[in-house]
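Comments concern the structure below.
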Amino acid sequence: MGGSYVGNAATFLIETLFGLYILIVMLRFLLQWARADFYNPISQFIVKATQAPLAPLRRVIPGIANLDLAAALLMFALKFIELWLITGLLGISPQIAGVAMMSIAELFGLLINVFLFSILIQVIISWVNPGMYNPVMGLLHTLNEPLLAPARRVIPPISGLDLSPIVVIIVLQLVSMLAVAPIRDVAQRLLV
């Protein structure tokens, strides 16, 4: 009985540590994709936190356009190791294909959640403190604008109210339901 407590604590610790670092690597990937301000203090923190593992990977894996393929590979490898460790702790002998597919599904789910939460945070900050600039708002604007701009072209502001965040959030939720969930279900079947 005491072993399950230790297993739960170990699982929590693995998920938390890996999850936080994978999030930082994903933010670096997305901020480079969105061409965010490199001199922003938050960008500087993200770059410094991810530089050690990415520097050697970048020598071998070049980027394509604005896509940092080294960061994408690092995210995949970290998620794969995390899931492998957790399934091992649960006493499951996982299949490599299942863990790989589940890693992809989890990373796509994280990507959608990053955009969902960044849009929500941007909207809330714009309500609370409109027109003020701070480093967080600059990054959020840079990150979300590639998604919000096309939605604004379809639905322009009505009486000064920008409805594009609602449209993008709905689309992101649909993508999560129609694309990520089926991948996760297939991966679940392949996992064991």
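Put the Cα centre of region 1-57 next to the Cα centre of region 60-84 and the gap is 12 Å. Taking 0.36 nm per residue of separation and subtracting the Cα-Cα distance, full extension of the segment from N66 to F12 would add 16.1 nm. Rounded to the nearest 20 debye, the dipole size of region 69-192 about its Cα centre is 120 debye, using +1 on the Cβ of Lys and Arg and -1 on the Cβ of Asp and Glu. Per-residue 3J(HN,Hα) values for region 69-74, derived from phi via the Karplus relation 6.51 cos²θ - 1.76 cosθ + 1.60 with θ = phi - 60°, read 5, 5, 5, 5, 5, 4 Hz in sequence order (x marks Gly and Pro).
Estimated from helices alone, the mean residue ellipticity of the chain at 222 nm is -27000 deg cm²/dmol (sum of -39500 (n - 2.57) over DSSP H runs with n ≥ 4, per residue). Computed from backbone phi with θ = phi - 60° and the Karplus coefficients 6.51, -1.76 and 1.60, the 3J(HN,Hα) list for region 97-104 is 5, x, 5, 5, 5, 5, 4, 5 Hz; x is used for glycine and proline. Between M137 and Q95, residue separation times 0.36 nm minus the direct Cα-Cα distance comes to 10.9 nm.
Computed from Cα atoms, the angle from the helix 164-175 axis to the main principal axis of the chain rounds to 20 degrees.
Extension gain for the segment A181 to E145, taken as residue separation times 0.36 nm less the Cα-Cα distance, is 10.4 nm to one decimal. Which one, [x] 18.8, 61; [y] 16.1, 56; [z] 24.6, 81, gives Rg and Dmax of the Cα atoms in Å as derived from the coordinates shown? It is the value labelled [x].
Relative contact order (percent) for region 2-191, with alpha-carbon contacts under 8 angstrom and 6 or more residues of separation? Relative contact order of region 2-191: 26 percent.
Read the figures in this text as sums done on the coordinates, not as results from a lab. Note that the coordinates shown come from a computational prediction; the quantities given were computed from them, not determined experimentally. Note: ideal-geometry Cβ built from the backbone for every residue, glycine included; neighbour counts use all protein chains shown.
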